[in-house]
Each structure stands twice: as C-alpha cells, then as structure tokens.
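Below: the structure, in structure tokens.
Where a number appears in this text, it was derived from the coordinates with a stated rule and is not lab data. No experiment lies behind these values; they were computed from the predicted model shown. Cβ: placed from backbone, ideal geometry, glycine included. Neighbour counts: every protein chain shown.
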There are 2 protein chains.
Amino acid sequence: MNPSVIREILKVTEKPGIISFAGGLPSPKTFPIEAFAAACATVLKTDGRAALQYAASEGYRPLCEWVARQLPWDVSPDQVLITTGSQQGLDLVAKVLIDEGSPVLVETPTYLGALQAFTPMEPSIVSVHSDADGIDVNDLEQKAAGARFLYVLPNFQNPTGRTMSEARRQALVDTARRIGLPIVEDNPYGDLWFDQPPPLPLTARHPEGAIYLGSFSKVLAPGLRLGYMVAPKAIMPKLLQAKQAADLHSPSFNQRMVAEVLKDGFLDRHVPTIRALYKHQCEVMLDALKKEMAGLDVQWNSPVGGMFLWARLPEGVSAVDLLPKAVDKGVAFVPGAAFYADGADPRTMRLSFVTASEEQIRIGIKALAAAIREACA
Amino acid sequence: MNPSVIREILKVTEKPGIISFAGGLPSPKTFPIEAFAAACATVLKTDGRAALQYAASEGYRPLCEWVARQLPWDVSPDQVLITTGSQQGLDLVAKVLIDEGSPVLVETPTYLGALQAFTPMEPSIVSVHSDADGIDVNDLEQKAAGARFLYVLPNFQNPTGRTMSEARRQALVDTARRIGLPIVEDNPYGDLWFDQPPPLPLTARHPEGAIYLGSFSKVLAPGLRLGYMVAPKAIMPKLLQAKQAADLHSPSFNQRMVAEVLKDGFLDRHVPTIRALYKHQCEVMLDALKKEMAGLDVQWNSPVGGMFLWARLPEGVSAVDLLPKAVDKGVAFVPGAAFYADGADPRTMRLSFVTASEEQIRIGIKALAAAIREACA
C-alpha cells in the first residue's frame, strides 16, 4: 500500500477533463451556500469576538448539545468532542489507545485514511475477514487477543459501500462485550441512506464499550472540517488532552456557523435532497455498468446508501495497472489495493457515484469499460 | 507538570468577574470582524463550491504563495504547508521527527503546548539552560548528541516574553550547522514588536536545516485555526503525509477567507494597530507592577514585543500555591512551573498583558499584589 495514494489521486482528479469516480468528494451541488452565507453574517454580527477567539478544546457547547440530542441513544454533551473532521477523531483515538506494536483489528478492506491515521503510533494492523454483511465475527474472536480496539465502518462502508446487517451488528456487539474488545465505530455516511435508515449503530447497543465518530462533511460540507466523537466519560480527559495538543480546538468560527445553520431542523429539510440525488446517481451508475460492462467478467455490488460502490475486474486484470490506462481515456477510480492492510485483492476498485454528474457517469463508465476491454485483449 | 494546566486555566478564565492574565488570548478588540464579514460574503459568492469542498493537504495555493512572498528569505510556495493553527505544526513535526525515546532539546522554560504536542511520540525532553538573551549555546552543544531537533521560540517567547539577541541567534545557527542539529523555530509572535522588529529568524540564516512555524492567530484571529509551516523540500512529503492523516487538510473555507482578507496589504495597515495597543498595555502592566509590588521582592522583565511578561515571586512563595488565592481575589495567571520540562522554578509566573483592558490590568495587578502580600505574611 502506498500511503500517499489518496493525495495523489486527488491531484489526478484536479486535471481538467478527467471524470473522477476516485475521490470521496460530496456533490458540490448539495452544499447549502446561501444558508452558510446567512450564518456567517449572523455569527460575525452577533457573536464575532467569541467566534474569532481561542476556545475550549471540547468544542462549542451548543454544537455538542446538538450532537448529543440527535443521536439515537442516551448521550450527554459532556461525552461529545468536536473534531477537525472525523479524520481527526482517528488521529486522537490512535494517540490515546495505540502503543507501538499494539494489535488493532480492521475490516477487509477498510478505510485507507484510518490506516494512515493509526500509522504514526505504529500499531500491528490485523485484518479481519469480512463479507457483504460486514465483519466476520468468528474470525474476529480468533484474532482479538490483546487487540486495543476494532475499527469498523458499518454504514455504506468506505471503500466497499456495504452495510453491516442487523444480525451481524448484534453478534459483533455481543462478542465485543463478552471478550472486552473496545469498538471504534466510524459513521460519516449513515445519514445518506436511499430508501430506509440502516440498523442502529453499534455504539447505541454498547455505549460503554465504544467510541463513535461522526461528521458534518457529508450532510453539510467537508470544507469546514468539522466532525465529532462520542466516547465513554472515563476516556474523555485523555481524548481532550490529545485534542488540545493536536490543534488546541477546532475552529470556533466554523463551529458557530454550523450550529447556526443547524438551528430549526435544517438537516431535516436538507438531507433528503442529498439522499434523493445520491440514490439517483447510484442508479445511473448501476445502469451504466450493466450496459457498458456487458460481455466482460466485471462484478459490482448495489449499495443501499452512501457514496461508493465496489467493483471487481476480470481475472488477470489489476486495478493498479488499469488506472493509468483509464486516466488516458479520461476516467479515474481508486484501486482497491489501497484499502487493504495486507492480502489485497488486486482486481478490486472503488467507484464514487456522487461527484460526477449523471452525464459524466455515463461517459466515464463507458470509458472505463473501453479501458478494461483493452486490458483483457 | 500537569499537562492539562492550559485547559483548566482557560476554564477558570471563563468564570465571570475573573481578570485573567493567564490565557494567551489576543485582544478581541483587534479582530477585523468587518473585513472577515466582507471576505466570507465574497468567498461564498465567487468560489463557494470550492471553498466548501475537500481540498489538497498542502493548502490553498494563493495562501501558500502569500506566505512564501512575505517571509524575509527565499521560500518557494512548495515549501509551505498550511496547518490547523501553528499548534498542528508541532504535532506534525513530532510525528515525522520523533521516535520513542528520541532526545529533543527545548529552552528553559519553553512553550507548554509544544511539550504536549511532542508527548504522544514519547521523546526524551532535554532542557537547555537559557537566560534573558535566549538559549545557552555552550550548554546546547554539550547536550546535543543524538538529539532529533532543538525546539526554540526566539521572538517574545511564550512563556517568558524574552527575545533572543542577534549575537545569540548567529552563534546558535553556526553551532547547529556545525553539529548537524535540526532547528524547529516557532514564531507566532514575531510581528508583534513594539518599537523595532526582532533580529532575522534562525531559519532565514539556515533554511536547509530548519523548520519554521508561523500563525495567523496573533495578526488576524485564532478562532479560524490557521497557521503554516515552512520546511526544506526533502522533508515535505513526510510532513504532507502526516498532515493528511491528521485532518486531511485545514478548512478550505477559512483559507480562502484569510487569503481574501490579506489581499491589498491588509496586514500593513492592521498589524501596526495591534502593536500600538499591546505596547501600551505592556506599559500599563509594567507601571502597575512598579506601583503595586513596591516593598515586595517581586521581579519581572520588560518585553520588547509579544503578549507576555515573566515575573518571579519572593523567596518561599510558590506560584502554584498562590494561584487559588489570587483567583479568590479575582485575578488569574499561569504558574511558571507549567512551562518547565524539569527543574521548574516554583517562584515564576507568566502574565499576559493583552487580553485584559487597561483598567482591568490596574485592578488585577493590585489584587495580585494583595495575594502575594498575604502569602508573604
């Protein structure tokens, strides 16, 4: 795995004319620019000095309260820590829970950014077998001895788009509780369901044994870099200490801006428009795949939410080798190999259906099929 | 040293009625609220989608270019990395340069936030003797074997307010170059000089052997959490990788907002107003100290810029013990012991002269003197 893959991929996608299924970039159409403009003006007018000053590491209290209130289990605002994107939550978890050589369990495949965030603390990453329903609980239990935690992304996973089933969640929580394995649950995409909400988070079932990471990047905008973590009270002082050392606090201005936008149930009106858009774009991509990949031994899944789907190339075709050829044809994706701690399946790739437009999706999948066809020839 | 001192202190200062010389909070009077309001509106109107989207880890290119342009030595924008406050620069330096047990050299005393940022990587902190002119270069050389770097804050240091002399800077750079000791130079306060700019930064004299950290917190506002680091090109890929893992990138919205405000030489007009205010407030505090501490064996220095001065209590009086008594009388400060890696001088304290108003400074120093008088009785 090359740890700079995401950064390099983001650079490729900035080339003019490239249709990118690579980055995990929300559709900019969904950004509520007018609501942000109004919120900026209000915050600077009514509370400008506090919004521009240093602040407590915990986060802006009304935002912590909002987070606690909207989660589907009993959470105190004192258990909420506002982070500089949910990515920072991974950094803080690593600093507090990992020592050099500590085993850390992850799904197969898993979010590359988590592996990168854990790396500075030099854990020993242990990949747990996973399938379309999520993590394999039997394999987990066999590998769990001495593990500091399990990192898991149950809803519309990055990179695979898969969702952990109700049965699997309950089995996982029962096992984690029984063997005393802490869970780090990452849920940046949970609100982006198409037809029905995913099953209840793991943390809601086992709050005393889990740390939960959430994000405003997918429901509002990533450019503000705001996320949050929810943790058992006993571990909050250590997380706060790590947070303070990392960047003192997340931007007070941005926290107030988001708290202002969130007032009066804004997300209840806004998020359904994102869901409808992404559902449609996913359908367009599935439709294009069906049409363009005809006759090719390419497989893919059908996510029920989120931003990504996962495809598998014909035998003998490596996604890493395919990428430059696809870019030559004007389309980019992330090779699946980037998301495995070890034992990568070289035929896999992640396709985002949310950044490109409907027309671009059709053109891009056609170009991708042409590249695959050439690679198979 | 209690690593949560700063956080707890910030909490005390939030109590209504407390006059705080504790926090390193810039005067909110200096925040250019109207310029920010105009910049927010412009950015969201002309470039809203990019400002709210994910972005490259390096930072917003026009802001990197601005940083490179205004530094007094030859810097390429490719050597600039925008950070989430300069505090994050310390976190990234720690991740890239420190291994468990690595010796790291610091001044005596030094910035507490740096010690906290280095801690997760478990360095062995080595305190180098320092005096009113800055770090003792002979002591440095004796202790430098195997050190990963020297962390140093030459201008209006936090916590002491002292400034490293021209002669000491040149001797330090000559020695560092000769023995191959990397320098991490932190310069958040350099623009806040009273009568004349401080001597040239260490990095300007030895750019290939130093990492330089700068901040927008003291010249614009800390609540945006924006700083930058300048590093030799060879180390940039590792710093970028650490940056990406930490929080992907600093808020794209804030970076564009600041770039917009900085256009047309805004700081050339704005910073002189901050300098004049802080110089006056420093004079008020020095004047109040002279008046109120009469007859007490209290010593203090006279900074030529920045936000802090450093005082030393009479023999037998501990600043840690004094703090709750001072808070009872309505005034807060930071005990100097918080800023020593080891061998703390318990009689020292840091006083900020920038957050409180002129009237509050007079009242607060009077209350502090009363607390000291009681402690001596």
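Starting from the label point of B:Glu208 at 7 Å along Cα→Cβ, the same points in the other copies fall at 6.1 nm, in ascending order.
With contacts taken as Cα pairs under 8 Å and at least 6 residues apart, chain B reaches a relative contact order of 25 percent. A:Glu100 label point (Cα plus 7 Å toward Cβ) to equivalent points in the other copies: 0.5 nm, shortest first.
What is the order of A:Val271, B:Val298, B:Val67, fewest Cβ neighbours within 10 Å to most? Provide the component values of the computation, followed by the final result.
On the way: A:Val271 17, B:Val298 20, B:Val67 24.
So the ranking, lowest neighbour count to highest, is A:Val271, B:Val298, B:Val67.
The mean number of Cβ atoms from other chains found within 10 Å of a Cβ in peptide B:248-258 is 6, as a whole number.
Axis angle, to the nearest 10 degrees, between helix B:166-179 and the longest C-alpha principal axis of chain B: 60 degrees. To the nearest ten degrees, helix B:85-97 and the longest principal axis of the Cα atoms of chain B are 70 degrees apart. The calculated 222 nm mean residue ellipticity attributable to helices in the protein assembly as shown amounts to -13500 deg cm²/dmol, summing -39500 (n - 2.57) over DSSP H runs of n ≥ 4 and dividing by all residues.
Please say if segment B:114-162 is rounded, prolate or oblate, where rounded means a/c under 1.5 for a ≥ b ≥ c the square roots of the C-alpha gyration tensor eigenvalues, and otherwise the choice is prolate for a/b larger than b/c and oblate otherwise? Present the calculation step by step, with values, prior to reporting the outcome.
Numbers: a/c = 2.70, a/b = 1.19, b/c = 2.26.
Because a/c hits 1.5 or more and a/b fails to exceed b/c, segment B:114-162 counts as oblate.
For the rotational copy relationship between A and B, the axis lies nearest to a chain A beta carbon, identified with its distance in whole angstrom as A:Cys40, 2. With a 10 Å cut-off around each Cβ of A:27-35, the average count of Cβ atoms from other chains is 3. Normalised by the number of residues in segment A:226-336, the mean separation of alpha-carbon contacts (under 8 Å, six or more apart) gives a relative contact order of 14 percent. Beyond 26 Å in Cα-Cα separation lie the following of the pairs A:Lys15/A:Lys243; A:Lys15/A:Lys290; A:Lys243/B:Lys218; B:Lys15/B:Lys290: A:Lys15/A:Lys243; A:Lys15/A:Lys290; B:Lys15/B:Lys290.
Peptide A:92-100 shows a mean partner chain C-beta count of 2 within 10 Å per residue C-beta. Each of B:Gly316, B:Val93, B:Ala245 was placed along the dipole of chain B (beta-carbon charges, centred on the mean Cα), and the one lying farthest toward the positive end is B:Ala245.
Using only the Cα atoms of chain B, build the gyration tensor, take square roots of its eigenvalues as a ≥ b ≥ c, and label the shape rounded, prolate or oblate: rounded if a/c is under 1.5, else prolate if a/b is larger than b/c, else oblate.
Values: a/c = 1.79, a/b = 1.25, b/c = 1.43.
In terms of gyration-tensor shape, oblate.
In plain terms, the residue of B:Thr348, A:Thr42 with the fewest other Cβ atoms within 10 Å comes first and the most crowded comes last, giving A:Thr42, B:Thr348.
Counting only other residues whose beta carbon sits under 13 Å from that of A:His206, what net charge do I get with K and R as +1, D and E as -1? Before the final figure, lay out the partial values.
Working: positive: A:Arg169, A:Arg177, A:Arg178, A:Arg205; negative: A:Asp74, A:Asp174, A:Glu185, A:Glu208.
Net of charged neighbours comes to 0.
Here the residues B:His249, B:His270, ranked from fewest to most Cβ neighbours within 10 Å of their Cβ, fall in the order B:His270, B:His249.
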